[in-house]
Amino acid sequence: MLVGPVADDNPQEWSGKTFPFSDASTIQPTEACMGKKRALADPSRLKPFDKDNKDLLRVVIETPKGSRNKFAFNPDDQIFELRRVLPAGMEFPYDFGFVPSTLAPDGDPTDVLVLMDEPAFPGCVLLSRIVGAIEGEQYDRKSRERNDRIIAVEKDAHSFASIKSIDDLGKEFAKELEEFFTNYHRMWREEYKVLRLTGPERARKLVRSTMV
């Protein structure tokens, strides 16, 4: 057992003294002892693609599947906060997050829906395969802007291992997402229109076009 200075020692007199530790690194003052604070990591500044496999997209989860609470990352305070609550009977159909180090036309990081076996949690970083995108636009009486959503599959998901393209998910999948986003935007007095569904190559280009 390693034994350090006793509690009634004067901390100011410890400097320069020798202690019987076998490893000198064990007595180095910690940052907490030195009064230093380590900054929290900012997930929005991570690299968008995996460094070892550029085909894998990094996704920071904000809202898990099945949640009525819409969480979002606040880059100023570097925290995940509750933004909205969906009405009873409505929930997020899949895990929802963003691609770090991107900026979409709506002013936020590029959105991603991730298909996986079990829900993740806010702040969880996933590696995912891009299988397509929902290209769409949102508008109200004053403005109109693009709001695309990338569709991805978590790399180790068993239930979606055979999915290579958004076409493999079928028409019901597309209809389900279109209805969800249409109803979601209407709650905030906006309209959402799906322009087209695109495959993985086009979706990858969409991501790269928003990288900062």
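The values are calculated or read from the model by the stated rules, or taken from the named source; none is laboratory data. Just so we're clear, the structure is a prediction, and the values are computed from it rather than from any experiment. For neighbour counting, all protein chains shown are included, and Cβ atoms are generated from backbone atoms with ideal geometry for every residue, glycine included.
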Original post:
Only one of (1) of a type outside the set (S, T, N, Q); (2) out of contact with any Ser or Thr (no Cβ under 7 Å at 6 or more places or on another chain); (3) within 15 Å of residue 113 (Cβ to Cβ) is not met by residue 192, so which one is it?
Top reply: (2)
Subject >> Near pairs, Cβ below 8 angstrom, 6+ apart or cross-chain, from segment 162-188 (under 20 Å from residue 204 (Cβ atoms)) to any residue that is assigned to a helix (DSSP H, G or I) and at pLDDT below 95 >> reply: 166/173; 166/174
Original post:
Under the condition of being buried (at least 18 other Cβ atoms within 10 Å of the Cβ), touching a Lys or Arg at 6+ places or on another chain (Cβ under 7 Å) and free of Cβ contacts under 8 Å to residues at least 60 places away in the same chain, which residue from segment 49-71 is nearest to residue 112 (Cα to Cα)?
Top reply: 63
Subject >> Set 146, 141: member being among the basic types (Lys, Arg) and touching a Pro at 6+ places or on another chain (Cβ under 9 Å) >> reply: 146
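On the basis of being farther than 26 Å from residue 102 by Cα and not hydroxyl-bearing (Ser, Thr, Tyr), does residue 201 make the cut? Before the answer, list the steps.
Working: farther than 26 Å from residue 102 by Cα: no; not hydroxyl-bearing (Ser, Thr, Tyr): yes.
No.
A quick yes/no check of all residues on (1) under 12 Å from the mean Cα position of the chain (by Cα); (2) hydrophobic (A, V, I, L, M, F, W, C):
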{"site": "59", "(1), (2)": "yes, yes"}
{"site": "65", "(1), (2)": "no, no"}
{"site": "89", "(1), (2)": "no, no"}
{"site": "123", "(1), (2)": "yes, no"}
Original post:
Mind checking which pairs have a first residue in segment 95-118 that is on the phi > 0 side of the Ramachandran plot and a second that is part of a loop (DSSP other than H, G, I, E, B), Cβ under 7 Å, 6 or more apart or different chains?
Top reply: 101/46; 101/47; 101/48; 101/212
